[in-house]
Amino acid sequence: MAKIWVYAEHQNGTVDPTALEILTKVRTLGDAEAIALGQGASQITGVLGEHGAKTVYVSEDAAFDDFIAEPAAHVLAELAKQQSPDLICFGMTYDARDIAGRLSAKLPATLMSNALDIESPELIKTAIFGGERIVDVSLEGDQKIAIFRAKSFAPEPDTSAGEPTVQQIDIAVPDETKRAKRVERHEEEASGPKLEEAPVVISGGRGLQEPDNFKLLDDLAAAIGGAAVGATRAVVDAGWVPYAYQVGQTGKTVKPSVYIAVGISGATQHVVGMKGSKKIIAINKDEEAPIFQMADLGIVGDALKIVPQLIEEVKSRKG
Ligand code: FAD
């Protein structure tokens, strides 16, 4: 039976949901095991077990929090040499990508980035041509690493799962791996639901004409309640909104119940990040805009006139 590892990134005991998504999938393919490093790692063993990890390897060494990537890559490489997993999976976060790249060089291992699905440790799916085509990729070599996009799988606890075996990692972190030190952490202030988790996402594009008009989307999100605001890369690059808003190939993947695209053309690089939405509503003044090809409901017209009407309508229906 294949042994598949999932690196469980966490922040002081709050696990990154992508780890739970990947565990949910890989537990169907073999023995799923998780690795949790850094302070608070012991607090997440339960949730990792619930999502399919039979064994969780844990180290609470503060070096994993204080120094970037190298201590984790070292310990993972040493552990992988001892345990020989068939595949090591990561979620596509900044820190995990950094660790995975270093780990790939250290082992050495075949590394597959931007993974979307997996059939076996040797066969993984990814998107090419900006998400136009999904292709199978065969991974060769004894050591393999895959980095999965967020939301590739739906996380589901396994009701039959027992408590995982928790194993303390007995590998020292050498001083020569303690080079790039994290000197400060900055928590981005956020109000309302997270873009990746909101049931309704309203994204704006260049069709909103100017940054101040993004306020219309905030107002619509507030009127609906529980909605988050996203954006295209065009407006992020123009500095209208921060990068955290970006949906698409080089931004976030969202799969809300309802996605409202406002003044967005529907370029493939944007679509790849939102096409899994259950219902797509598009507002665009150009009836030929590609976004209408995938929309369940299309409104042809000026967003600056339609969105205020929508806000009033939502407010009046909600009373
Ligand atoms: P445009 O394509 O300019 O579309 C604006 C739309 O607004 C048009 O359809 C227009 O008809 C409509 N419009 C104009 N005025 C109004 C109005 N008053 N009312 C209603 N509609 C109006 N893009 C992403 O979004 N996410 C990514 O992650 C991403 N990654 C990329 C990675 C690479 C390597 C590359 C090359 C590109 C990437 N892009 C990404 C950019 C992408 O190709 C498009 O350029 C971008 O998505 C276009 O953004 P837009 O729809 O806001 O702008």
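The values are calculated or read from the model by the stated rules, or taken from the named source; none is laboratory data. In this text, all values refer to a predicted model and were calculated from it rather than measured experimentally. When we count neighbours, we look across all protein chains shown, and the Cβ atoms used for this are built from the backbone with ideal geometry, even at glycine.
Looking at Val262, Val247, Val300, Val271, which one is within 11 Å of the ligand (Cβ to nearest atom), hydrophobic (A, V, I, L, M, F, W, C) and under 14 Å from the mean Cα position of the chain (by Cα)?
Values: Val262 fails: under 14 Å from the mean Cα position of the chain (by Cα); Val300 fails: under 14 Å from the mean Cα position of the chain (by Cα); Val271 fails: under 14 Å from the mean Cα position of the chain (by Cα).
Among Val262, Val247, Val300, Val271, only Val247 is within 11 Å of the ligand (Cβ to nearest atom), hydrophobic (A, V, I, L, M, F, W, C) and under 14 Å from the mean Cα position of the chain (by Cα).
Across region 251-276, what is the number of residues that are hydroxyl-bearing (Ser, Thr, Tyr), touching a helix residue (DSSP H, G or I) at 6+ places or on another chain (Cβ under 8 Å) and within 19 Å of Pro17 (Cα to Cα)? Spell out the reasoning first.
First, pick out the residues of region 251-276 that are hydroxyl-bearing (Ser, Thr, Tyr): 253, 257, 259, 265, 268.
Now restrict to residues that are touching a helix residue (DSSP H, G or I) at 6+ places or on another chain (Cβ under 8 Å): 265, 268.
Applying the additional criterion that residues be within 19 Å of Pro17 (Cα to Cα) yields none.
Counting residues in region 251-276 that are hydroxyl-bearing (Ser, Thr, Tyr), touching a helix residue (DSSP H, G or I) at 6+ places or on another chain (Cβ under 8 Å) and within 19 Å of Pro17 (Cα to Cα) gives 0.
Against the condition in contact with a helix residue (DSSP H, G or I) (Cβ under 6 Å, 6 or more places away or on another chain), farther than 20 Å from Lys215 by Cβ, within 9 Å of the ligand (Cβ to nearest atom) and among the hydrophobic types (A, V, I, L, M, F, W, C), how does Val236 come out, does it pass?
Working: in contact with a helix residue (DSSP H, G or I) (Cβ under 6 Å, 6 or more places away or on another chain): yes; farther than 20 Å from Lys215 by Cβ: no; within 9 Å of the ligand (Cβ to nearest atom): yes; among the hydrophobic types (A, V, I, L, M, F, W, C): yes.
Taking the combined requirement at face value, the residue does not satisfy it.
Determine whether Asp16 is in contact with a Lys or Arg (Cβ under 9 Å, 6 or more places away or on another chain), touching a residue at least 24 places away in the same chain (Cβ under 8 Å), surrounded by fewer than 21 Cβ atoms within 10 Å (Cβ to Cβ) and charged (D, E, K, R). I'd like the intermediate steps shown before the answer.
Values: in contact with a Lys or Arg (Cβ under 9 Å, 6 or more places away or on another chain): no; touching a residue at least 24 places away in the same chain (Cβ under 8 Å): yes; surrounded by fewer than 21 Cβ atoms within 10 Å (Cβ to Cβ): yes; charged (D, E, K, R): yes.
The answer is no for Asp16.
Do we have Ala231 as near the ligand (Cβ under 8 Å from one of its atoms), among the small types (Gly, Ala, Ser) and touching a Gly at 6+ places or on another chain (Cβ under 6 Å) here? Quick ask: steps written out before the conclusion?
Values: near the ligand (Cβ under 8 Å from one of its atoms): yes; among the small types (Gly, Ala, Ser): yes; touching a Gly at 6+ places or on another chain (Cβ under 6 Å): yes.
So Ala231 passes the test.
Return yes or no: is Ile224 more than 18 Å from the chain's Cα centre (by Cα), more than 9 Å from the ligand (Cβ to nearest atom), over 18 Å from Glu188 (Cβ atoms) and of a type in the set (Val, Ile, Thr)?
Values: more than 18 Å from the chain's Cα centre (by Cα): yes; more than 9 Å from the ligand (Cβ to nearest atom): yes; over 18 Å from Glu188 (Cβ atoms): yes; of a type in the set (Val, Ile, Thr): yes.
Yes, satisfied.
Considering each of Gly273, Gly226, Gly266, Gly230 in turn, give the residue that is of a type outside the set (A, V, I, L, M, F, W, C), modelled with pLDDT under 95 and crowded, with 16+ Cβ neighbours inside 10 Å.
Being of a type outside the set (A, V, I, L, M, F, W, C), modelled with pLDDT under 95 and crowded, with 16+ Cβ neighbours inside 10 Å holds for just one of Gly273, Gly226, Gly266, Gly230, which is Gly273.
For region 163-217, name all the residues that are acidic (Asp, Glu) and either away from the ligand (no atom under 16 Å from the Cβ) or surrounded by 10 or more Cβ atoms within 10 Å (Cβ to Cβ) (or both). Even if it seems obvious, please write down each step before you answer.
First pass over region 163-217, keeping only residues acidic (Asp, Glu): 163, 170, 175-176, 184, 187-189, 196-197, 210, 212.
Result: Glu163, Asp170, Asp175, Glu176, Glu184, Glu187, Glu188, Glu189, Glu196, Glu197, Glu210.
If you scan region 273-314, which residues turn out to be farther than 20 Å from Val200 by Cβ, among the basic types (Lys, Arg) and not in a helix (DSSP H, G or I)?
Across region 273-314, the qualifying residue is only Lys285.
Just to be sure, is Ala127 more than 20 Å from Phe67 (Cβ to Cβ), surrounded by fewer than 17 Cβ atoms within 10 Å (Cβ to Cβ), touching a residue at least 60 places away in the same chain (Cβ under 8 Å) and of a type in the set (Gly, Ala, Ser)?
Working: more than 20 Å from Phe67 (Cβ to Cβ): yes; surrounded by fewer than 17 Cβ atoms within 10 Å (Cβ to Cβ): no; touching a residue at least 60 places away in the same chain (Cβ under 8 Å): yes; of a type in the set (Gly, Ala, Ser): yes.
So Ala127 fails the test.
Among the residues of region 246-263, which ones are at pLDDT below 95 and among the hydroxyl-bearing types (Ser, Thr, Tyr)?
Hits for region 246-263 are Thr250, Thr253.
Checking Lys315 against (1) of a type outside the set (Asp, Glu); (2) surrounded by 16 or more Cβ atoms within 10 Å (Cβ to Cβ); (3) touching a helix residue (DSSP H, G or I) at 6+ places or on another chain (Cβ under 6 Å): exactly one of these is not met. Which one?
Evaluating Lys315 over (1) of a type outside the set (Asp, Glu); (2) surrounded by 16 or more Cβ atoms within 10 Å (Cβ to Cβ); (3) touching a helix residue (DSSP H, G or I) at 6+ places or on another chain (Cβ under 6 Å) leaves (2) as the failure.
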